[in-house]
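Sharing a structure, written as structure tokens. Questions coming.
Quick note: the coordinates plus some simple rules give every number you see, no bench work behind them. None of these values were measured; they are calculated from a predicted model. Note that each Cβ is placed from the backbone with ideal geometry, even for glycine, and that neighbours are counted across all protein chains shown.
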Amino acid sequence: MDVSPAQLTSQGTQTSASKTASAALSSDFETFLKMLTTQMANQDPLNPMESSDFALQLATFSGVEQQVQTNQLLEGLARSMGAGNMAQLAGWVGMEARAEAPAAFTGRPITVVPSPPPEASTADLVVRDAEGVERDRVRIGASGSPLDWTGELMGGGMAAPGIYSFETEALDEAGEVISTDPAEVYVPVTEARNAGGEVRLVLAGGAEIAASEIAAVRAGR
């Protein structure tokens with residue numbers, strides 16, 4: 001089985017840490033035995049400690065030692081699981097993730113998934129540029145079906161390349177706005193990174209979100 005340099009480094013680090021921890025435990029146990037021997041040698045001969053007291057001290061130290069080893073095993077397991085998650089999510093790079101995030105328009109259609117509430121009679125898809133200025137508004141109905149925003153503006157012409165965000169503006173029967181919510185879009189994933197134990201994905205255009213915020217993933221187009 002092939003092993004990557006990163007895996008060798010990780011395994012070496014974990015092995016080194018385990019050896020260091022074991023050495024520390026061994027040193028602590030030797031110190032404990034010295035203290036116990038000194039305690040026995042200097043006890044009051046007229047009021048000696050019960051043997052059960054020494055046994056209790058030894059059992060207490062053994063319990064602490066077992067807990068430390070258990071914690072080390074759990075930490076190693078957590079590191080292994082984290083590395084596995086990172087390796088799995090790294091496979092998302094180059095794919096398209098669906099999330100409430102800005103998307104980079106480069107002339108290719110952007111798939112938008114609006115989310116009008118059940119009580120909406122109809123809805124508009126509102127497109128805003130990086131400065132928050134409304135650039136397009138498309139009547140999409142209340143079904144919430146995915147659609148491709150091609151960049152073609154209602155007033156004519158094409159949207160300029162850049163970062164755009166999408167909102168679902170729900171309307172009642174009288175045409176009054178009853179809610180405005182972010183719409184999910186499919187955005188290419190460019191990078192997966194570990195930030196303080198949390199896996200985060202960097203999307204095309206620079207947006208960065210937690211992997212837990214991804215609603216779906218599909219093959220890149």
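How do the peptides 133-139, 118-124 rank, highest first, by the average count of neighbouring beta carbon atoms within 10 Å per residue? Intermediate results must be reported in sequence, preceding the final value.
Details: 133-139: 13.9, 118-124: 16.9.
Top of the packing list down: 118-124, 133-139.
Run the numbers for ASN194 and LYS34: contour at 0.36 nm per residue of separation, minus the present Cα-Cα distance, in nm.
Gain in length upon complete extension: 53.1 nm.
Can you compute the modelled spin-label distance between ALA210 and MET154, with each label point 7 Å from Cα toward Cβ, in nm?
Between ALA210 and MET154, the simple spin-label model gives 3.6 nm.
Let me ask something else about it. Which cross-chain or sequence-distant (5 or more) residues have an amide H under 5 Å from the amide H of VAL199, H modelled 1.01 Å from N in plane?
ALA211
Let me ask something else. Under 5 Å between amide hydrogens, which residues at least 5 positions from ILE140 or on another chain qualify, with H placed 1.01 Å from N in the peptide plane?
ALA123, ASP124, LEU125
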